[in-house]
Amino acid sequence: MNEDPRLPRLGPPHRPEIRRVVKRQREMSPPTKEEQLAGFQGWNERGYVPHRDEPGLTQFVTFRLADSFPAELREEWEGRLKIEDHRERRLQLEAWLDQGRGVCHLRDERIARLVADALRKFDGTRYRLLAWTLMPNHVHVLFEVGETSMAEILKSWKQFTATHANKLLGNGGPFWQADYWDTYMRDPDHEARTIRYIRNNPVKAGLVTAWKEWPWTFVRPTD
């Protein structure tokens, strides 16, 4: 995932009960050897909530630029990491992201187009895109996973775009924050709410007055 050990990990504290839930789910539905070889993690946790990584799931991921949580503003965002309720914590963190902290390289049309093209490149082969939007300092994507693991997909997007964005900008060092947020869709209602959230994010952040005005939003038409 292009991890950089020099960056602070924006991770929540460990919760033992979550580990027990994940252990039970893995016992009931363990990933097959083939899935593990392909990079799928099955049920897993990174400290706070259960994550599910399997072929065929629809996943909502958010990844952000390396400077989107500036160290000099640590007091502003650090408290949000300590919010116990997962949904409220994520909403608070994403609201902070929407303030557009950092250099916001995705405001640069060259960089935005590079990222958009990378998302579209393997649409229909490695994954199926359902919705995405590029914000000034972060990206939301909702996609159906095929036989390529979510981690491998994110690694591909981030490594390719980081390399080429840094060349365009004449920069070096990390371009994206090391980790990403992911949530699997539990049912059609959950998916529909997520699509609304993605398409309305630029409106909520005050970038446009209607979601179709934002050039860096995609929502797959329904049949």
Mind listing the long-range amide H neighbours of Ala131? Cut-off is under 5 Å, sequence gap 5 or more, other chains count too, H placed in the peptide plane at 1.01 Å from N. Leu142, Arg220
Mind giving me the nanometre distance, one decimal, between the label points for Leu169 and Arg110, set 7 Å out from Cα along Cα→Cβ? 1.2 nm
Treating only the Cβ atoms of Lys and Arg (+1) and Asp and Glu (-1) as charged, compute the dipole magnitude of the range 88-190 about its Cα centre; round to the nearest 20 debye. 420 debye
List, in order, the whole-Hz ³J(HN,Hα) value for each residue of the range 164-174 obtained from phi through the Karplus relation with A = 6.51, B = -1.76, C = 1.60 and θ = phi - 60°; use x for Gly and Pro. 6, 5, 5, 5, 5, 8, x, 10, x, x, x
Could you work out how much longer the chain between Thr32 and Arg128 gets when fully extended? Use 0.36 nm per residue separation minus the Cα distance between them, nm to one decimal. 32.3 nm
Treat each spin label as a single point 7 Å out from the Cα along the C-beta direction, and report the Gln159 to Thr209 distance in nm. 4.5 nm
The range 203-223 to the range 137-187: how many Å between their Cα centroids? 20 Å
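Computed from the coordinates by the stated procedures, all read-outs in this text should not be read as laboratory data. A quick note: this is a predicted structure, and the numbers were derived from the prediction, not measured. Because the Cβ atoms are built from the backbone with ideal geometry, glycine has one as well, and the counts that use them run over all protein chains shown.
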